[in-house]
Amino acid sequence: MDIKKVVVIGSGTMGSGIAAHLCNANIPVTLLDLTTDISEKARERIQKSRPPLLIDKTKINNINVGNINDDFNFVKEADWVVEAVVERIDIKHNIYEKIFKNRKTGAIVSSNTSSIPIKILSEKLSQEEKKDFCITHFFNPVRYMGLLEIVKNENNDLEKINSLKKFCEKELGKGAIVCNDTPGFLGNRIGVYAMQVAMTEAFKMKLSIEEADAVFGRPMGIPKTGVFGLYDLIGIDLMADVLKSFIKELSKEDEFQIVAKDIPLITKLIEKGYTGRKGKGGFYRINKDNNQKILEAINLETEQYSPSKKIDLGIDTVNLKNLINRDDKYGKYAWSVISKIIKYASSLVPGITDKFNDIDEAMRLGFNWAMGPFEMLRSIGVNEFFNRIDSFEGNKFLENLSKNKDENFYGERQIYTDIQTLAKVRPTALKLDKNNSAEIHRFKDFNIVEFTTKACALDYDSMDALKNATDKPLIVINESMQFSAGVNLSYTMNFAEKNDFKSIEKFIKYFQDTCKTLKYSKYPVVSAPSGLTLGGGFEVLVQSNFVASHTNIVIGLVETIVGLVPAGGGCKEMLWRWMQTEEAKKDPDYAPLKVFDIIGYAKTATSPVEAKPLKYLNENDKTIMNRNSLFSVSKNILDNNKDFRPPEECSFSLSGKPLKEKMIKVLEKLYNEKVILDHGMEVGKELANVLSGGDTTIDKKLTENDLYKLELDSFMRLIENIKTQERIRHTLKTGKPLVN
């Protein structure tokens, strides 16, 4: 099946998101709604969206807009028609009648519903029409969420379903999982159940919402919003509607019915307009006291708000076995929640799918969990699970597993795709080394380094792994959401708090030395970024020999925000890249001034398309739509560069003092306009010192080591400055920048 034109009917959040993502894949799409004005406004929202739905704003030209009365003729040309209208079955049935009267023979028609079964959606269709009708349930936001559930039933043409799956995987970059027509499909059935269990157990065990969110969050490999924070984010009223749908569709015997019962506090919150972040607040709210915004949390027993308390469980990495064995209320809560999730998910096999691995992948791709229920079971250990679990009669999966107690029951990861992924390769690779921050694997004739810290933040151990892995061709790649958010600021500040600046200097020198080793290694180094690739993470990437980048990256040098300058070679590499331009060959100050602007403003790009004009990426760097393909594309790069030779070392001609004065004039203007304050001025001067070459003249050649030293000296002066330390502490505490 060849999909060249698509029509999306319904321009709300999901319809707009689907249309935008089709644009990203260069598929011409027509977006229809009740009026052309509604569709046009949706088109404008897409262009202005934050985070951006488009990888490149010019992609908006791929969207044509219209209305369902005057422009339905576009359906006749479409290879795929996606319905994304309001969740009312009468409206959907009317749309389907019109679509099937107008569609071209064999065109696929799908619904983006998240709650209505395919048997109800298609009940008025003929047998022939049912063959080409399915559900394509995208997750929001469509560009960023990897999961696409393609829901089929016994009427479907399976060849066409598989063809659609391949298209969505290859062209749209989706983790497309085919599943059966059951309530909530895969992701929402388990995800919403897990949320309800986490919530009801918190009420039952009398945990505060902050305590519950602290456990049902990063320690379990679940996003930090936790359950109550996620309720607020989704909308408490919307979640209530979702639960009503499940209660209606599921049998009375289903365990979901127990956790889906009405909770009086939720009813009260909705009645008072506390529907979450879109309303006056929810379980959390922002209150003002003396013109200061204060985050407050509701007490589940008294139903009163008070300032939210930070709960520190003292956990840095996900270790479920340690978590459930804690001898405190947090351990008991974790076991209660995790065991119930595992029991429920396993009870649905083979009903919702005979491939239990697909449930785990749905939770990874659709809910950003680090592990799905069955991986949780594997992580805890089969024997330990059965030593602690209560009854599981009627659960065929657990009954069978309890008989053989096979610790290796899991089998292969990511069976939903044929792509050779990192997750598939890792179990067959030789583990060479592991420390607190990274792992090194050997696969065939090359090495793989994977960062393992929170947000893949970098420290001495991260650099150690990189350096030790350059004895073979190397791929730097992570399965986690981020490539690297940069140097671990907490790690740096731990030394600063003790006035141990020698250790910071030693670390930065080692960071520089490692990056230089990557760049001039005897063997090629490929970085394969996805997600955050900031600061030190970018410096690793920019000093790799090749890059294979996912479309969903956030990339840039952001050190000035926390009162520092890039010191791992970021300034040096950006200077070199901009010095290769035609403008720089005519004007020696062009490149430094350009880089001063980019780094000074901490400019970031949200896609490779945005990154290339800033020279964060080179024109010949690979761009990949499907994150699963990062490993195989990186491997192909190594295969195609068997005769690799490292680049020649570069040198710099910089103007020194006259150039620095130009940069300071820019800073003075910003200072006078109050765009920057006192410390912003100091940071800017240090950046100017690096990019101007310090005490140099235009006729003097500076080496890379000279630039590294300039970076290091400026970094050290700034990290010793109390104002920079204040910025870092504020960012670590609030996640927001401090302007001082």
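The conditions are (1) of a type outside the set (A, V, I, L, M); (2) in contact with a helix residue (DSSP H, G or I) (Cβ under 6 Å, 6 or more places away or on another chain); (3) within 23 Å of residue 675 (Cβ to Cβ); (4) in contact (Cβ under 8 Å) with a residue 24 or more places away in the chain, and residue 604 fails exactly one of them. Which is it?
Here residue 604 clears every test but (2).
Under the condition of being within 18 Å of residue 251 (Cβ to Cβ) and of a type in the set (A, V, I, L, M), which residue from the range 322-353 is nearest to the chain's Cα centre (by Cα)?
The qualifying residue nearest to the chain's Cα centre (by Cα) is 345.
Restricting the search to the range 249-278, which residues are in contact (Cβ under 8 Å) with a residue 12 or more places away in the chain and of a type in the set (Gly, Ala, Ser)?
260, 276
Restricting the search to the range 570-612, which residues are within 21 Å of residue 541 (Cβ to Cβ) and among the hydroxyl-bearing types (Ser, Thr, Tyr)?
Passing the criteria: 581, 601, 604, 606, 607.
Evaluate the following for residue 274: is it over 30 Å from residue 319 (Cα atoms) and either modelled with pLDDT of 95 or more or touching a strand residue (DSSP E or B) at 6+ places or on another chain (Cβ under 7 Å) (or both)? Break it down into steps so the answer makes sense when it comes.
Working: over 30 Å from residue 319 (Cα atoms): yes; either modelled with pLDDT of 95 or more or touching a strand residue (DSSP E or B) at 6+ places or on another chain (Cβ under 7 Å) (or both): yes.
It is true that residue 274 is over 30 Å from residue 319 (Cα atoms) and either modelled with pLDDT of 95 or more or touching a strand residue (DSSP E or B) at 6+ places or on another chain (Cβ under 7 Å) (or both).
Considering the range 604-631 alone, what residues qualify as being among the charged types (D, E, K, R), touching a strand residue (DSSP E or B) at 6+ places or on another chain (Cβ under 6 Å) and not in a helix (DSSP H, G or I)? Lay out the reasoning, then the answer.
Let us first name the residues in the range 604-631 that are among the charged types (D, E, K, R), namely 610, 612, 615, 619, 621-622, 627.
From what's left, touching a strand residue (DSSP E or B) at 6+ places or on another chain (Cβ under 6 Å): 621-622, 627.
Selection gives 621, 622.
List, please: which pairs have Cβ atoms under 9 Å, are six or more places apart or on different chains, and start with a residue in the range 627-641 that is touching a residue at least 24 places away in the same chain (Cβ under 8 Å) and end with one that is acidic (Asp, Glu) and in a loop (DSSP other than H, G, I, E, B)?
Within 9 Å, the pairs are 638/445.
Taking the residues in the range 242-299 that are assigned to a loop (DSSP other than H, G, I, E, B) and hydroxyl-bearing (Ser, Thr, Tyr) as candidates, determine which candidate is surrounded by the fewest Cβ atoms within 10 Å (Cβ to Cβ).
Of the residues in the range 242-299, the ones assigned to a loop (DSSP other than H, G, I, E, B) are 250-255, 260-263, 272-275, 277-280, 282-283, 290-291, 299.
Okay, now just the ones that are also hydroxyl-bearing (Ser, Thr, Tyr), so 251, 274-275.
On the way: 251: 8, 274: 22, 275: 22.
So the residue we want is 251.
Hand me the list of helices (runs of 4 or more DSSP H) wholly inside the range 310-410 holding 3 or more residues that are of a type in the set (A, V, I, L, M) and within 30 Å of residue 628 (Cβ to Cβ).
So the answer is 329-347, 356-367, 373-380.
Answer yes or no as to whether residue 649 is under 26 Å from the mean Cα position of the chain (by Cα) and charged (D, E, K, R). Give the steps one after another, and end with the answer.
Values: under 26 Å from the mean Cα position of the chain (by Cα): no; charged (D, E, K, R): yes.
Spelling it out, it is not the case that residue 649 is under 26 Å from the mean Cα position of the chain (by Cα) and charged (D, E, K, R).
Return the total of residues in the range 1-36 being assigned to a helix (DSSP H, G or I) and either in contact (Cβ under 8 Å) with a residue 40 or more places away in the chain or more than 15 Å from residue 66 (Cβ to Cβ) (or both). If you could, list the steps in order and put the result at the bottom.
Applying the first criterion (assigned to a helix (DSSP H, G or I)) to the range 1-36 yields 13-24, 36.
From what's left, either in contact (Cβ under 8 Å) with a residue 40 or more places away in the chain or more than 15 Å from residue 66 (Cβ to Cβ) (or both): 13-15, 17-24.
The qualifying residues number 11.
Could you tell me how many of the residues in the range 498-533 are more than 19 Å from residue 457 (Cα to Cα) and among the acidic types (Asp, Glu)?
Here the count works out to 1.
So residue 572 passes all but one of these: (1) buried (at least 19 other Cβ atoms within 10 Å of the Cβ); (2) at pLDDT below 95. Which condition number does it fail?
Going through (1) buried (at least 19 other Cβ atoms within 10 Å of the Cβ); (2) at pLDDT below 95 one by one, residue 572 breaks only (2).
Check every one of the helices (runs of 4 or more DSSP H) wholly within the range 487-595 and list those with 3 or more residues that are within 24 Å of the chain's Cα centre (by Cα) and touching a residue at least 60 places away in the same chain (Cβ under 8 Å). Don't jump to the end; show me each part of the working.
On the way: elements: 489-497, 501-519, 536-542, 570-579, 582-586.
Ranges flagged: 536-542.
If I filter the range 411-434 for residues that are in a loop (DSSP other than H, G, I, E, B) and over 23 Å from residue 628 (Cα atoms), do I get at least one hit?
Residues of the range 411-434 that are in a loop (DSSP other than H, G, I, E, B), as a first pass: 411-421, 429.
Filter once more, keeping what is over 23 Å from residue 628 (Cα atoms): none.
Looking through the range 411-434, none of the residues is in a loop (DSSP other than H, G, I, E, B) and over 23 Å from residue 628 (Cα atoms).
Looking at the range 393-415, which of the residues that are loosely packed, with under 14 Cβ neighbours inside 10 Å and within 17 Å of residue 352 (Cα to Cα) is modelled with the highest pLDDT?
Taking the range 393-415 and keeping what is loosely packed, with under 14 Cβ neighbours inside 10 Å, we get 393-394, 396, 399-400, 403-408, 411-412.
Subset that is within 17 Å of residue 352 (Cα to Cα): 394, 396.
Details: 394: 92, 396: 95.
This residue is 396.
Mind listing just one residue for me: the one in the range 355-392 that is over 20 Å from residue 255 (Cβ atoms) and over 26 Å from the mean Cα position of the chain (by Cα) and, of those, surrounded by the fewest Cβ atoms within 10 Å (Cβ to Cβ)?
Restricting to residues being over 20 Å from residue 255 (Cβ atoms) and over 26 Å from the mean Cα position of the chain (by Cα), the top hit is 387.
Would you check which residues across the range 557-575 are over 14 Å from residue 723 (Cα atoms) and among the small types (Gly, Ala, Ser) and list them?
Of everything in the range 557-575, those that are over 14 Å from residue 723 (Cα atoms) and among the small types (Gly, Ala, Ser) turn out to be 567, 568, 569, 570.
How many of the residues making up the range 683-722 are surrounded by 19 or more Cβ atoms within 10 Å (Cβ to Cβ) and either within 26 Å of residue 503 (Cα to Cα) or modelled with pLDDT under 95 (or both)?
Matching residues across the range 683-722 total 20.
Any idea how many residues of the range 326-338 are in contact with an Asp or Glu (Cβ under 8 Å, 6 or more places away or on another chain), within 18 Å of residue 390 (Cα to Cα) and surrounded by 20 or more Cβ atoms within 10 Å (Cβ to Cβ)?
So in the range 326-338, the residues in contact with an Asp or Glu (Cβ under 8 Å, 6 or more places away or on another chain) come out as 329-330, 333, 336-337.
Narrowing further to those that are within 18 Å of residue 390 (Cα to Cα): 333, 336-337.
Restricting the remaining residues to those that are surrounded by 20 or more Cβ atoms within 10 Å (Cβ to Cβ) gives 333, 337.
Result for the range 326-338: 2.
With the structure loaded, tell me whether residue 174 is outside the structural domain of residue 550 (by TED's automatic domain parsing), charged (D, E, K, R) and over 19 Å from the mean Cα position of the chain (by Cα) or whether it fails that test.
no
Select, from 466, 430, the only residue that is out of contact with any Asp or Glu (no Cβ under 9 Å at 6 or more places or on another chain) and modelled with pLDDT of 95 or more. Give the steps one after another, and end with the answer.
Working: 430 fails: modelled with pLDDT of 95 or more.
Of 466, 430, the one residue that is out of contact with any Asp or Glu (no Cβ under 9 Å at 6 or more places or on another chain) and modelled with pLDDT of 95 or more is 466.
I need a count of the residues in the range 457-493 that are under 19 Å from residue 370 (Cβ atoms), buried (at least 21 other Cβ atoms within 10 Å of the Cβ) and in contact with a Gly (Cβ under 7 Å, 6 or more places away or on another chain).
Matching residues across the range 457-493 total 5.
From the residues in the range 121-171 that are of a type in the set (D, E, K, R) and within 18 Å of residue 15 (Cβ to Cβ), which one is nearest to the chain's Cα centre (by Cα)?
Taking the range 121-171 first, the residues of a type in the set (D, E, K, R) are 123-124, 128-132, 143, 149, 152, 154, 157, 159-160, 165-166, 169-171.
After this cut, where a residue has to be within 18 Å of residue 15 (Cβ to Cβ) as well, the list is 143, 149.
On the way: 143: 10, 149: 18 Å.
Among those residues, the one meeting the criterion is 143.
Restricting to the range 300-309, what's the tally of residues that are assigned to a loop (DSSP other than H, G, I, E, B) and of a type outside the set (S, T, N, Q)?
Filtering the range 300-309 for residues assigned to a loop (DSSP other than H, G, I, E, B) gives 300-304, 308-309.
After this cut, where a residue has to be of a type outside the set (S, T, N, Q) as well, the list is 300-301, 303, 309.
Adding up the residues that qualify gives 4.
Working carefully through the options 638, 667, find the one that is closer than 30 Å to residue 24 by Cα and either buried (at least 17 other Cβ atoms within 10 Å of the Cβ) or in contact with a Ser or Thr (Cβ under 6 Å, 6 or more places away or on another chain) (or both).
Numbers: 667 fails: closer than 30 Å to residue 24 by Cα.
Of 638, 667, the one residue that is closer than 30 Å to residue 24 by Cα and either buried (at least 17 other Cβ atoms within 10 Å of the Cβ) or in contact with a Ser or Thr (Cβ under 6 Å, 6 or more places away or on another chain) (or both) is 638.
Filter the range 5-17 for residues that are buried (at least 24 other Cβ atoms within 10 Å of the Cβ) and under 26 Å from the mean Cα position of the chain (by Cα); which is nearest to residue 144 (Cα to Cα)?
Within the range 5-17, the match that is nearest to residue 144 (Cα to Cα) is 17.
The values are calculated or read from the model by the stated rules, or taken from the named source; none is laboratory data. The structure presented is a predicted model; accordingly, all values stated were derived computationally and were not measured. So basically every Cβ, Gly included, is an ideal-geometry build from the backbone, and we count neighbours across all protein chains shown.
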